[in-house]
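Input: a single structure, listed below in structure tokens.
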Amino acid sequence: MLWPPDKPALKLGFDKFHQVSVYAGQSVFISDVTVQNLTDKQIPRAAFTVYFMDKNKVRIGEGLLQVSDLDAGQSAKIQFQFNSVGVPVTLTLSAKKDMLAPPGAKTIPLKVVSVPPGAKLKVDGQDAGMTPLIVRFTVGTHQLDLSKEGYAPGATPLEVTADELPGGSISMELGGLSRDTVELRDGSMVLGDVISMSMTEVVVRVDGKDQAIDRNQVKKIMLVERIITQQPAVAVPAATPHP
């Protein structure tokens, strides 16, 4: 795939899509993407929203693809992750304006790391990608927001100074799991509330609906701590006998 089609500056090649997890009808896919700079100048940064369609040309998913510091004629391989509610058949690219740096502004690359990894990162309210991720920040104050399914979101301001050295990193830890996690033998995860478990099945309540899972498909169950508030007993006065 060439971008832009009229005067190509980048050549992008998408490898096969591999499904890594499923939750509430939405699948997470990864793919290795090879990006080649076709120009005779360095490309400091390019960002695309990638839209995915099914066989009926209906859009069913999207993801953010970013590449930075690509020298003239150089190629880079990037692991790309996206979400979809079906099986993707075709894709289209939509180039994004530089989200973090005005043209000509000095930028400093810093690595944003989350615990656990694989969190969605927003910088100054705009999607930046999935952690761990190298982001080119301009000098000044930025707002970082992290979110990951099943974890409490995290946010922090970041002050980038002019004398900041490249190669640094920022680490953020998300809050603990708010729901039980059932890991299946195929590698997928189910997040919800474990209601019951028998010799044959595990029942998980997901978005208010009970889902029965064959016990032989379950690899591991992680239960969150539940705080149960004891309500005081209600005293019922004895009936007064009638004379």
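Things worth noting here:
- Just one of the listed residues (LYS11, LYS7, LYS57, LYS41) is among the basic types (Lys, Arg) and within 25 Å of THR131 (Cα to Cα), and it is LYS11.
- Of all residues in the range 156-171, those being surrounded by 11 or more Cβ atoms within 10 Å (Cβ to Cβ) and outside any loop (DSSP other than H, G, I, E, B) number 5.
- Whenever a residue of the range 74-87 is under 20 Å from THR131 (Cβ atoms), its partners that are acidic (Asp, Glu) and in a strand (DSSP E or B), lying with C-beta atoms within less than 8 angstrom and at least six residues away or across chains, give the pairs LYS77/ASP32; ILE78/ASP32; GLN79/ASP32; PHE80/ASP32; PHE82/GLU62; ASN83/GLU62.
- Residues in the range 205-226 that are farther than 17 Å from ARG185 by Cα, out of contact with any Asp or Glu (no Cβ under 8 Å at 6 or more places or on another chain) and not in a strand (DSSP E or B): 4 in all.
Residue-wise test of (1) open to solvent by less than 90 Å² (accessible area, probe 1.4 Å); (2) of a type in the set (D, E, K, R); (3) in contact with a Pro (Cβ under 6 Å, 6 or more places away or on another chain); (4) at pLDDT below 80.
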{"residue": "LEU177", "(1), (2), (3), (4)": "yes, no, no, yes"}
{"residue": "THR181", "(1), (2), (3), (4)": "yes, no, no, no"}
{"residue": "VAL190", "(1), (2), (3), (4)": "yes, no, no, no"}
{"residue": "MET199", "(1), (2), (3), (4)": "no, no, no, no"}
{"residue": "VAL218", "(1), (2), (3), (4)": "yes, no, no, no"}
{"residue": "GLU225", "(1), (2), (3), (4)": "no, yes, no, yes"}
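- Residue list for the range 108-127, restricted to those being under 15 Å from GLY154 (Cα atoms) and open to solvent by less than 10 Å² (accessible area, probe 1.4 Å): VAL112, SER114, ALA119, LEU121, VAL123
- Scan the range 27-85 for residues that are modelled with pLDDT under 85 and of a type in the set (Ser, Thr, Tyr) and the total you get is 3.
- Conditions (1) touching a helix residue (DSSP H, G or I) at 6+ places or on another chain (Cβ under 8 Å); (2) more than 21 Å from ASP207 (Cβ to Cβ); (3) surrounded by 14 or more Cβ atoms within 10 Å (Cβ to Cβ); number of the one not met by ARG185: (3)
- Flag for PRO153 being within 15 Å of the chain's Cα centre (by Cα), of a type outside the set (A, V, I, L, M, F, W, C) and exposed (fewer than 15 other Cβ atoms within 10 Å of the Cβ): yes
- For the range 96-104, the criterion of being surrounded by fewer than 17 Cβ atoms within 10 Å (Cβ to Cβ) and at pLDDT 85 or above is satisfied by no residue at all.
- THR92 being β-branched (Val, Ile, Thr), surrounded by fewer than 16 Cβ atoms within 10 Å (Cβ to Cβ) and modelled with pLDDT of 90 or more: yes
The values are calculated or read from the model by the stated rules, or taken from the named source; none is laboratory data. Because the structure is a prediction, the values reported are computed rather than measured. With ideal geometry, Cβ positions are generated from the backbone for all residues, glycine too; neighbour counts draw on all protein chains shown. Just so you know, the surface numbers come from the protein's heavy atoms only, side chains and all, with ligands and any DNA or RNA stripped out. Shrake-Rupley method; radii C 1.70, N 1.55, O 1.52, S 1.80 Å.
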